[in-house]
Amino acid sequence: MKLKFGIFFCDDEGEKFFGEGPYQLLRGIDELGSLRASAKRMGMAYTKAFGIMKRAEASFGFALTQRKIGGKGGGGSMLTPGAKELLMRYEAYKTSCTQMAENLYNTHFSTFRPEKFTFDRR
């Protein structure tokens, strides 16, 4: 038995708008310089990735990316300062949550043995 949990942010109506998917998209934009390249690496359609980013921006109330105008090297996207801070805080929060969840899991389930409760179905 293993612990697995997810972290996501919801708007006032309870709709998810940020979690591991948008986080990975932003990481990819930071590394690859393009939403299209980030989406492709994740196996996601560009239109879906664009929608995810727009929804997150609307919910946060600030831009996560800004476009780089094309030229010799082509265009692309880069993270805004707000997006960079969001990623930093999300990573720190995720690390803290993971450590706390593992501690709680060990506290409550380290001595739990499900096999003690199995029965023969014959």
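Read the figures in this text as sums done on the coordinates, not as results from a lab. Keep in mind that what you see is a predicted model, and the values were worked out from it rather than measured. Cβ coordinates were reconstructed from backbone atoms using ideal geometry, including for glycine residues, and neighbour counts include every protein chain displayed.
Extension gain, residue 16 to residue 109: 0.36 nm times the residue separation minus the Cα-Cα distance gives 30.6 nm.
Ranked by Cβ crowding within 10 angstrom, fewest neighbours first, how are 69, 29, 52, 7 ordered?
Working: 69 7, 29 24, 52 19, 7 14.
So the ranking, lowest neighbour count to highest, is 69, 7, 52, 29.
Calculate the translational D of segment 19-103 in whole µm² s⁻¹ from Stokes-Einstein, where the hydrodynamic radius comes from the Kirkwood formula applied to all Cα pairs, the temperature is 37 °C and the viscosity 0.692 mPa s. Roughly 243 µm²/s, to the nearest whole number.
Considering helices alone, the calculated mean residue ellipticity of the chain at 222 nm is -17500 deg cm²/dmol, with DSSP H runs of length four and up weighted by -39500 (n - 2.57) and normalised per residue.
Direction-averaged shadow area of the convex hull around the Cα atoms of segment 41-89, nm²?
Numbers: hull surface 17.2 nm².
About 4.3 nm², averaged over all directions.
Largest mean-square fluctuation among 112, 62, 18, in a Gaussian network model of the chain whose springs join Cα atoms under 10 Å apart, belongs to 112. Taking amide H positions as modeled 1.01 Å from N, with prolines and chain starts lacking one, the residues under 5 Å from residue 65 and 5 or more places away or on another chain are 80. Under 15 Å from a label point set 7 Å out along the Cα-to-Cβ vector of residue 91, the amide N atoms of segment 23-66 belong to 23-32.
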